[in-house]
1. Per-residue accessible area for SER257 at 1.4 Å probe radius, Å² rounded to 10?
2. Can you work out the accessible area per residue across segment 236-384, with the rest of the protein chains kept in place, probe 1.4 Å, in square angstrom?
3. Quick check: residue separation of LYS139 and SER238 times 0.36 nm, minus the Cα distance between them. What number comes out in nm?
4. Can you compute 3J(HN,Hα) from phi for each residue in segment 18-34, using the Karplus curve 6.51 cos²θ - 1.76 cosθ + 1.60 with θ = phi - 60°, rounded to whole Hz and x for Gly and Pro?
5. Per residue of segment 292-303, in order, report the coupling 6.51 cos²θ - 1.76 cosθ + 1.60 (Karplus, θ = phi - 60°) as ³J(HN,Hα) in whole Hz, putting x for Gly and Pro.
6. Could you tell me which of the pairs LYS247/LYS373; LYS135/LYS168; LYS352/LYS416; LYS139/LYS168; LYS352/LYS373 are separated by over 27 angstrom between their Cα atoms in the structure shown?
7. What's the carbon and sulfur percent of segment 333-393's accessible surface, probe 1.4 angstrom, rounded to a whole number?
8. Note down the nm distance, to one decimal, between modelled labels 7 Å out along Cα→Cβ at ASN114 and at GLN259.
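The values are calculated or read from the model by the stated rules, or taken from the named source; none is laboratory data. Since this is a predicted model, take the numbers as computed values, not measurements. Every residue, glycine among them, receives a Cβ derived from its backbone with ideal geometry; neighbour counts consider all protein chains shown. The accessibility values were calculated without ligands, DNA or RNA, using every heavy atom of the protein model including side chains. Shrake-Rupley method; radii C 1.70, N 1.55, O 1.52, S 1.80 Å.
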Amino acid sequence: MAAQALALLREVSRLEAPLEELRALQSLLQSVPLSELREQAAELRLGPLFSLLNENHREQTTLCVSILERLLQALEPVHVARNLRVDLQRGLTHPNDSVGRIVENSDAVTEILNNAELLKQIVYCIGGENLSVAKTAIKSLSRISLTQAGLEALFESNLLDDLKSVMKTNDIVRYRVYELIVEISSVSPESLNYCTTSGLVTQLLRELTGEDVLYLAQEGVIDQISNIIVGADADPFSSFYLPGFVKFFGNLAIMDSPQQICERYPIFVEKVFEMTESQDPTMIGIAVDTIGILGSNVEGKQVLQKTESWFSSLSRDPLELFRGISNQPFPELHCAALKVFTAIANQPWAQKLMFNSPGFVEYVLDRSVEHDKASKDAKYELVKALANSKTIAEIFGNPNYLRLRTYLSEGPYYVKPISTTAVEGAE
């Protein structure tokens, strides 16, 4: 079937108006496995498809976008960024915003950083009318900014001027840029420093707080962000920046001192627990992730011990609340909730809650709940934290303690053998 697709692709490149061939190719590609297409990657010539992205032919453009989205998945991202530079730029500037989606899967950061014009086009995609394309651009720039070279490219070159120019498009686009800045700031103190030096954090804070902030030391920025979190409930735009700010506080607490950060900025702890009851899966995910991060070292566990009253006040049955979160159809939420349980698993008060919560011990020991590797690993970490606790045998009882030790010794991926009984005379 891949051979048929290649034949149609060659036919498309020879014709001026290959509408029928494009329809046939688009239909055929839905049934060709990606593995087969990857085997033929060297033969895929996509230039003609990019050339057919003609805004005067709506169906032709739609078909080409659909075909390109499929074929680009079969190519290595580095190959795409290196060999299709001009075509990618043409796609990003195409009047049909859906064309911009064809580049969203590129991980070839080094190649993209070497292409200043492509980076510029990605920046300007933030100002596009299509939200999905803008979100993709934000995601791409965030990924690029995870590297030192990426931070320098975005904040120490003409791209910073382009970013500030895009912000002038309208209020919505300006807040999209703020979303990008908050996302980058939340990664590390170094990233926050780049964002602060650019003046964009100062601009964001000035706009949100109504204050004329001439200079902000990093400590001052943190104080301002804390104040923003306090007023987030009254701000209709808070969904743009609140997840990133809370995530930043969580990372900052681990890198600095969980106890000092949580004591100095109590609104951070309050907001994290409040977000666990949100109707927005993104907010829930950030909250449970942050609690898991806080509990990942000794001092953080001590902070969580002091937050027993917070945890207990979340609902009548806080463990059931987090178990409900873990049962939502989002693997990342399932793993995040397991990490919360792991973070508090060595606390006697938490162990008592777990033991007294109906069905919770069985939930912990039930291997059938987890279906993917990440979930199995997260459950295993929870079992290990419980099994290695000095107080678990007394609180859970010896039979349950032995079951935890058995689970631990069998490993995260153990599958119970299915016993078969031979029946005499069976064929």
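1. Estimated to the nearest 10 Å², SER257 gives 10 Å².
2. Working: 6430 Å² over 149 residues.
Normalised by residue count, the accessible surface of segment 236-384 is 43 Å².
3. On the way: separation 99, 0.36 × 99 = 35.64 nm, distance 1.86 nm.
The span from LYS139 to SER238 would gain 33.8 nm if fully extended.
4. With coefficients 6.51, -1.76 and 1.60, one gets x, 4, 5, 5, 5, 4, 5, 5, 4, 5, 5, 5, 5, 10, 8, x, 4 Hz.
5. Residue by residue, segment 292-303 yields x, 4, 4, x, 8, 9, 4, 5, x, 4, 5, 5 Hz.
6. Details: LYS247/LYS373 25 Å; LYS135/LYS168 18 Å; LYS352/LYS416 29 Å; LYS139/LYS168 20 Å; LYS352/LYS373 29 Å.
From the list (LYS247/LYS373; LYS135/LYS168; LYS352/LYS416; LYS139/LYS168; LYS352/LYS373), the Cα-Cα distance tops 27 Å for LYS352/LYS416; LYS352/LYS373.
7. Values: 1380 of 2400 Å².
Roughly 58 percent, rounded to a whole number.
8. Between ASN114 and GLN259, the label points sit 5.1 nm apart.
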